[in-house]
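Each value in this text was obtained by applying a stated rule to the coordinates, not by laboratory testing. None of the values given here were measured: they were computed from a predicted structure. A quick note on method: Cβ atoms are made from the backbone with ideal geometry, for glycine too, and the neighbour counts reach across all protein chains shown.
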Amino acid sequence: MFIAGGFDTARHAKDKAPLAEDTIRAIAKRVSFLPDDPVKVVRYDGAAKVVGGVALAVGVFPRLASLGLATSLVPTTWAAHRYWQHEDPTVRAQQKIQFLKNCGLLGGLMLAMVDTEGKPGIAWRARRVPGSVKHTAHDVSRDVPRALRAKAKSAKDALPVG
């Protein structure tokens with residue numbers, strides 16, 4: 001979706017720019033490095049979707065690629081799929097489907113952003129930094145009962161039999 005849609009957006013930026021013009025101008029007021037030309041912004045957005053989609057598809061920096069795609073998807077959805085503004089029921093229904101599809105894609109991207117592929121995440125690692133309060137409390141609550149059981153077992157083993 002991101003690769004094909006990104007190519008289409010980059011190739012037809014002039015056709016898509018009028019839909020995004022109001023959103024681009026609103027964002028450009030807050031973001032100084034954004035170009036004033038809506039056609040350029042739409043073309044850059046298409047290129048970013050292609051790059052992010054390829055990176056996500058081949059597994060190169062998947063969390064960063066997901067973040068970039070999500071960052072690009074939100075303003076695109078807001079600019080292009082305002083279904084509530086359409087009077088024609090057919091157009092409204094089509095735009096609502098596209099809006100909801102993008103919401104679903106955003107949910108998938110959010111899952112990909114937090115997926116650590118089975119490796120410990122940053123939060124897990126931070127909780128286990130030696131000397132931290134959380135590390136100590138966690139170890140004590142887990143290790144003291146374990147140590148007491150081991151001590152009791154070794155004391156039983158040390159008693160003479162018979």
For the chain, what does -39500 (n - 2.57) per DSSP helix run (n ≥ 4), summed and divided by total residues, give at 222 nm, in deg cm²/dmol to the nearest 500? -26500 deg cm²/dmol
What does the C-alpha gyration tensor say about the overall shape of region 2-114? Classify as rounded when a/c is under 1.5, otherwise prolate if a/b is larger than b/c, or oblate. oblate
Karplus (6.51, -1.76, 1.60) ³J(HN,Hα), θ = phi - 60°, over region 81-86, in Hz, Gly and Pro reported as x: 10, 7, 4, 5, 8, 9
Report the full-extension gain for the segment Ala93 to Val129: residue separation times 0.36 nm, less the Cα-Cα distance, to one decimal in nm. 7.8 nm
Neighbour counts of other C-beta atoms within 10 Å: give me His12, His81 arranged from fewest to most. His12, His81
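Between Arg149 and Lys119, what is 0.36 nm times their sequence separation minus the Cα-Cα distance? Round to one decimal in nm.
Between Arg149 and Lys119, full extension yields an extra 7.7 nm.
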Listing Ser72, Ser154 by rising number of other beta-carbon atoms within 10 angstrom, fewest first, gives Ser154, Ser72
Leu106 paired with Ala4, simple spin-label distance in nm, labels 7 Å along Cα-to-beta-carbon: 2.3
D (µm²/s, integer) via Stokes-Einstein for region 57-136, Kirkwood Rh across alpha-carbon pairs, 20 °C, 1.002 mPa s: value 140
Scalar couplings 3J(HN,Hα) for region 57-70 by Karplus 6.51 cos²θ - 1.76 cosθ + 1.60 (θ = phi - 60°), nearest whole Hz, x for Gly and Pro, are 5, 9, x, 8, 6, x, 5, 5, 4, 5, 4, x, 5, 5
Proxy exposure order for Thr76, Thr71, Thr9, Thr23 (fewest C-beta within 10 Å first) is Thr71, Thr23, Thr76, Thr9
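Going down the list Lys29/Lys101; Lys40/Lys96; Lys14/Lys49; Lys16/Lys101, which pairs span over 24 Å between their C-alpha atoms?
Where the Cα-Cα span goes over 24 Å, the pairs concerned are Lys29/Lys101; Lys40/Lys96.
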